[in-house]
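Single-structure report; data block below.
The values are calculated or read from the model by the stated rules, or taken from the named source; none is laboratory data. What you see is a predicted model; the values in this text were computed from it and never measured. Positions of Cβ are backbone-derived with ideal geometry, glycine not excepted, and every protein chain shown enters the neighbour counts. Accessible surface areas use protein heavy atoms only, side chains included; no ligands, DNA or RNA. Shrake-Rupley method; radii C 1.70, N 1.55, O 1.52, S 1.80 Å.
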Amino acid sequence: MHVVSSGLPDESPSGLSHWDMHTSEVEPPNDQQHPVKWYRSSIFNITIVGLCSFACPGIWSAMNSLGAGGAASPNLINAANAITFSLMVLSSYLSSALMYFVGVKGALIFGCIGYAPFAAGLYTNNRYGNEWFVLLGAALCGISAGVFWSAEASIAIAYPEPWNRGKALGYWLSFKLFAQMLGGAINLGLNANNDQAGQVSYTVFLVFIAIQAAGPFIGFLLNSPDKVERKDGKKVDLTITQNPWREIQATTKLFFTKKFLLLLLWIGNAVFSESVFFTYLAMWFSVRSRALGSLMSGIVPVIAGNMLGYWLDWGSISLKIRGRVGFWTLVIFQGAWWTWATVLVTRFKETKPTFDWMTPGFGAAFGVFVFLAVSFQLNYLFSYFIVHNIAQSDEEIIRYAALLRGTESAWQALSYGLESLTLFTATGGVYMSFALWALAIYPTWHLLRHFGVHQPFAGDESFPASIERVNEKGVISSETSSGDEAGNEKAVKA
């Protein structure tokens, strides 16, 4: 029997990334799984990371989902968010070097520290009109949050068993949305009778500050990678062994690989929209409608995100099919939502409405906000699916996570910075998001079309060559040859 070529294939025909070639994506029977202590299990640790995500970026998103941090005007808050994300570019980039000193657990705890000061700044602005504390809190948040984002992403990708990765990603990302739901429910209860435009009650921020202050203490419950017990028996190793300068060099080199450069526009397409649809909510809706929006932008994406996670983990379907169906479904529906939003904001620029849930036309105006929030969650999750499938080692997971979160931060800094400009706020964000969606399709497809298909990836020799032998029963074995880097085809006898 003849077999496939090497080359680009970061994936075997079974859908496994190269570094995980010998581990099945299909869950084995219970009697073939390794016993694990519940407090060392991957699901326990993903829950802890999820709770940290709930308390810190989740509550941050809950404040954001009120529309411009609950403020009457979005400009100051969008400027503060631009500061946060600008600093997160740097802190994300340096996070793998920091992990050399404190490990991934220490990085997670450090990353939780800066969120509460930003919530406190929003409180003082909401109650007393103070502005400088908002900007200081935003800076402190940016310094720590980039490290948090990189650490949590590394844990969420590396800790779970292969057959649980997609579900674990959906589960982890759900916690952030649970925070939005909590924030929305609190705010809706406090503002249910406020059908006018304006800012939300400052009492909401006292609750948010208390929750965010608990984040670092929750982080202490996380197991270090060497203590995690997985049902496939594989040890998790997220140790950075190189000195910090060499680690920074390795991360920089990875950024300029063709694989990651092809992903840049998809990352922008995924995250640029967050400031756009939350500013849309702040501009065109009453306080209680914004509260309803913060609630619904949690509930519906949680359902959709976990459905996508289960699809991406469906081991009986090839990686090629899972990746392509997921990608084109996201592309088609997101194109429809941006078309819808473009029509609406162009109209609203002239009519300048304020929608309450009793106002005619509320459903059409509000619905696109919910669907854009869903698209944000799905694109976000799919980005991690892509990163998992291009990473070749546990160390690369940390580096890719740092690059992914840093690139996200750069796009969001740009997004919030532009949204803070009055001339751009009403329509510019939607128009630019629509353009990003269109521009991201081809390069992302050019990367993703190789998943599960053994073809050379011209211009990028970062994948080691592999020879795969497939017998009549579909069992795969793999050998890696450091001398085959150009995708040479080899035929072997079964």
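A compact table of results
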{"quantity": "Unique match (being within 22 Å of R165 (Cα to Cα) and modelled with pLDDT of 95 or more) among L308, L381, L330, L312", "calculated": "L330"}
{"quantity": "Hey, S275 open to solvent by less than 60 Å² (accessible area, probe 1.4 Å) and out of contact with any helix residue (DSSP H, G or I) (no Cβ under 9 Å at 6 or more places or on another chain) or not", "calculated": "no"}
{"quantity": "Some residue of the stretch 251-259 being open to solvent by 30 Å² or more (accessible area, probe 1.4 Å) and among the charged types (D, E, K, R)", "calculated": "yes"}
{"quantity": "Test: residue in the stretch 285-293 that is assigned to a helix (DSSP H, G or I), among the basic types (K, R), surrounded by fewer than 24 Cβ atoms within 10 Å (Cβ to Cβ) and touching a residue at least 40 places away in the same chain (Cβ under 8 Å)", "calculated": "yes"}
{"quantity": "Scope the stretch 309-327; condition of a type outside the set (K, R), part of a helix (DSSP H, G or I) and surrounded by fewer than 22 Cβ atoms within 10 Å (Cβ to Cβ); matching residues", "calculated": "Y310, W311, I321, V325, G326, F327"}
{"quantity": "In the stretch 193-211, the residues that are outside any loop (DSSP other than H, G, I, E, B) and either modelled with pLDDT of 85 or more or not hydroxyl-bearing (S, T, Y) (or both)", "calculated": "V204, F205, L206, V207, F208, I209, A210, I211"}
{"quantity": "Residue pairs meeting the criteria (Cβ under 7 Å; at least 6 apart or on separate chains; first closer than 20 Å to H450 by Cβ, in the stretch 371-393; second basic (K, R) and at pLDDT below 85)", "calculated": "H388/R165"}
{"quantity": "Test for G184: is it on the phi > 0 side of the Ramachandran plot, modelled with pLDDT under 90 and not polar (S, T, N, Q)", "calculated": "no"}
{"quantity": "Unmet requirement for P162, which otherwise passes all of (1) open to solvent by 20 Å² or more (accessible area, probe 1.4 Å); (2) out of contact with any Cys (no Cβ under 9 Å at 6 or more places or on another chain)", "calculated": "(1)"}
{"quantity": "Some residue of the stretch 212-235 being among the aliphatic types (A, V, I, L, M) and either modelled with pLDDT under 85 or under 30 Å from Y280 (Cβ atoms) (or both)", "calculated": "no"}
{"quantity": "Residue in the stretch 242-259 that is modelled with pLDDT under 80 and among the charged types (D, E, K, R) present", "calculated": "no"}
{"quantity": "I77 open to solvent by less than 10 Å² (accessible area, probe 1.4 Å) and aliphatic (A, V, I, L, M)", "calculated": "yes"}
{"quantity": "Every residue from the stretch 384-408 that is hydroxyl-bearing (S, T, Y) and modelled with pLDDT under 85", "calculated": "S393"}
{"quantity": "Some residue of the stretch 107-116 being of a type in the set (A, V, I, L, M), closer than 14 Å to P244 by Cβ and out of contact with any Pro (no Cβ under 8 Å at 6 or more places or on another chain)", "calculated": "yes"}
{"quantity": "Some residue of the stretch 411-427 being at pLDDT 90 or above, buried (at least 19 other Cβ atoms within 10 Å of the Cβ) and not polar (S, T, N, Q)", "calculated": "yes"}
{"quantity": "Sole exception among (1) surrounded by fewer than 23 Cβ atoms within 10 Å (Cβ to Cβ); (2) assigned to a helix (DSSP H, G or I) for S297, by number", "calculated": "(1)"}
{"quantity": "Those residues of the stretch 328-385 which are under 29 Å from F260 (Cβ atoms), hydroxyl-bearing (S, T, Y) and surrounded by fewer than 17 Cβ atoms within 10 Å (Cβ to Cβ), in sequence order", "calculated": "T329"}
{"quantity": "Some residue of the stretch 314-331 being under 20 Å from the mean Cα position of the chain (by Cα), within 18 Å of V271 (Cα to Cα) and touching a residue at least 60 places away in the same chain (Cβ under 8 Å)", "calculated": "yes"}
{"quantity": "Matching residues in the stretch 107-121 - criterion: being over 11 Å from M63 (Cα atoms) and in a helix (DSSP H, G or I)", "calculated": "A107, L108, I109, F110, G111, C112, Y115, A116, P117, A120, G121"}
{"quantity": "Which listed residue is assigned to a helix (DSSP H, G or I) and farther than 27 Å from I46 by Cβ, from W245, W266", "calculated": "W245"}
{"quantity": "Some residue of the stretch 123-144 being basic (K, R), open to solvent by 10 Å² or more (accessible area, probe 1.4 Å) and closer than 27 Å to Q392 by Cα", "calculated": "no"}
{"quantity": "Residue check, F178 open to solvent by less than 10 Å² (accessible area, probe 1.4 Å) and at pLDDT 80 or above", "calculated": "no"}
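For every residue, the table says whether it meets (1) closer than 30 Å to P29 by Cβ; (2) in contact with a helix residue (DSSP H, G or I) (Cβ under 6 Å, 6 or more places away or on another chain).
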{"residue": "L222", "(1), (2)": "yes, yes"}
{"residue": "E229", "(1), (2)": "yes, yes"}
{"residue": "G233", "(1), (2)": "yes, no"}
{"residue": "K259", "(1), (2)": "no, yes"}
